[in-house]
Amino acid sequence: MKLYFSPGACSLSPHIVLQEAGLDFTLERVDIRARQTAAGVDFLAINSKGYVPALELKDGTMLTEGPAIVQFIADLAPDRQLVPAHGTLERYQVIEWLNFIATEVHKSFGPLFRPTATEDMKEAARINLNDRLGWIAERLAGRDYVMGSQFTVADAYLFTTLGWAAFVQFDLSPWPALVAYRQRVGSRPAVQQALRAEGLIK
C-alpha cells in the first residue's frame, strides 16, 4: 500500500493508523498547492479531488477520505483493536466520533488556514472551535482516549486536528484535558514514528 500525504495535514491520521496497525506501506509526499507528488506525478491523476489522504491498494484501487481509510486499515489488523468489532455499539460510537471530528473540528479549522478568509469568518471559526473543543474536553475527563482506555482510529484523527492549533495561533491551554491528551497520544511509539517520517519532529 502507498499513502499519499502532506506533512501535518489530515493524512497524518491514516499515517498514524498504518504505523499502529504494523502494516507494510510506503509514503509519497504531495505538494498540495502544486498538486504534484514527490515523484513528479500530477496528483489530480491520482486523486481527482486534489487533496490528501489517498491510499493506493496493492491492486491499484485508490481509497480516499480519511475516516474511510482509517476504518479500512484498522480492519486489516483486527488484533490491534484500532476499531471495535463490526456490529457492536462501540463500533458505531467510533464512527460517531470520526464524523464529529470531520464535520465539527476539522472543518472549523479550515478558515483559519485559508488566506482568503475574512476576519469575520475566522472569528466565527474560533467561536465554533471553542464550543466543540470544550465539549470534547468534557468527554475526555478521566479518560486516556475518546473511547476510554483503548486507543482507536478516532484518536489518530483527533490528535491530528488538535495539532493544527499551534499553526493558527489557537490556544488550547484553556482545556488542560486536551493538552494532556495531545501529550499522551503524541508519546505513543507509532505516533512518534509517523511524526518523524513526516519531518514534524526530529
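Remarks
- Rolling a 1.4 Å probe over the protein heavy atoms gives the chain an accessible area of 50 Å² per residue.
- For the stretch 156-202 and the stretch 33-111, distance of Cα centres in Å: 18
- Taking 0.36 nm per residue of separation and subtracting the current Cα-Cα distance, fully stretching the chain between Gln36 and Gln192 would add 53.5 nm.
- Annotation for Asp79 and Ser48: the two label points, set 7 Å from Cα along the Cα-Cβ direction, are 4.0 nm apart.
- Share, in percent, of DSSP beta bridges within the chain that are antiparallel, nearest 5: 70
- Long-range amide H partners of Glu28 with built H, under 5 Å: Leu3, Tyr4, Phe5
- Accessible carbon and sulfur surface of the stretch 1-101 relative to its total accessible area, %, 1.4 Å: 50
- Nonlocal Lys pairs with alpha-carbon distance under 29 Å, the chain (8 or more apart, or different chains): 9
- Counted residue by residue at 0.36 nm each, then reduced by the alpha carbon distance between them, the extension gain from Ile201 to Lys122 reaches 25.6 nm.
- Enclosed volume per residue, in Å³, of the convex hull spanned by Cα atoms of the stretch 121-196: 93
The values are calculated or read from the model by the stated rules, or taken from the named source; none is laboratory data. In this text, all values refer to a predicted model and were calculated from it rather than measured experimentally. Positions of Cβ are generated from backbone atoms using ideal geometry, with glycine treated the same way; all protein chains shown enter the neighbour counts. SASA here: full protein model, heavy atoms, side chains in, ligands and nucleic acids out. Shrake-Rupley method; radii C 1.70, N 1.55, O 1.52, S 1.80 Å.
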